[in-house]
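Just below is one structure, and these are the notes that go with it.
The values are calculated or read from the model by the stated rules, or taken from the named source; none is laboratory data. Bear in mind the structure is a predicted one, so any value in this text is a computation, not a measurement. A quick note on method: Cβ atoms are made from the backbone with ideal geometry, for glycine too, and the neighbour counts reach across all protein chains shown. What goes into the accessible areas is simple: the full protein's heavy atoms, side chains included, and nothing from ligands, DNA or RNA. Shrake-Rupley method; radii C 1.70, N 1.55, O 1.52, S 1.80 Å.
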Amino acid sequence: TDTNAVNGASYIYKIVGNNKNIKTAAISSEIYRISAIEFSVSQKSGKRLCINLSQNSKVSGYHIKVSLDKNFTKNKNMWWSGNKNTKCTINNLTGNKTYYVKVRGYKNRNNNRYYSKWSEVISVKILK
């Protein structure tokens, strides 16, 4: 991991083998750095969740996962395009259940999609 990488910057890394007995080729790869997304979750009236995302002007949108399982084996994926609107409401949830939410940002660039790392998982219990 490059600890000096800056949010919203593009980097090109060159990968070279170092075995002197085998001829190797160098490979270059472009990486677009996006900082992890911070967010909070609260229950709105009824069986709804409100997700408040921290705004990151360098992203094209957000990828939100909501699940009843903390391992996210059965989850709902939501793609939130744009970086201006940072509030999202999820409706029609089941009462007396705990939901788990995680978020990552993405950037569309040169026909590629670059992602930030997943945020920490936040759990919230939906009341009746």
**Prompt:** In nm, what is the difference between 0.36 nm times the number of residues separating ASN4 and SER81 and their Cα-Cα distance?
**Reply:** 25.0 nm
**Item:** Coordinate range along principal axes, alpha carbons of the chain, Å, largest first
**Value:** 67, 31, 25
**Request:** Find the accessible area per residue for the chain; the probe is 1.4 Å, ligands and nucleic acids are left out, and the unit is Å².
**Result:** 66 Å²
**Asked** Roughly what percent of Cα-Cα pairs across segment 56-126 reach past 19 Å?
**Response** 37 percent
**Request:** Evaluate the distance, in nm, between pseudo-label points positioned 7 Å from the Cα of SER28 and of LYS74 along their respective Cα→Cβ axes.
**Result:** 4.8 nm
**Prompt:** How do the peptides 117-126, 78-87 rank, highest first, by the average count of neighbouring beta carbon atoms within 10 Å per residue?
**Reply:** 117-126, 78-87
**Request:** Mind checking the full-extension length gain between ASN92 and VAL121? Use 0.36 nm per residue of separation minus the Cα-Cα distance, one decimal, nm.
**Result:** 8.4 nm
**Item:** Relative contact order computed over segment 1-61 (Cα-Cα under 8 Å; 6+ residues apart), in percent
**Value:** 29 percent
**Asked** Could you give the length gained on full extension between ILE15 and CYS50, defined as 0.36 nm per residue of separation minus the Cα-Cα distance, in nm?
**Response** 8.3 nm
**Message:** Once you keep just the Cα pairs under 8 angstrom separated by 6 or more residues, what percentage relative contact order results for the chain?
**Reply:** 25 percent
**Message:** Here is the link list: LYS84/LYS107; LYS65/LYS125; LYS58/LYS102; LYS58/LYS97; LYS70/LYS125; LYS20/LYS117. Which ones come out longer than 24 Å on Cα distance?
**Reply:** LYS58/LYS97; LYS20/LYS117
**Request:** State the percentage of accessible surface on the chain attributable to carbon and sulfur atoms; use a 1.4 Å probe and exclude ligands, DNA and RNA.
**Result:** 45 percent
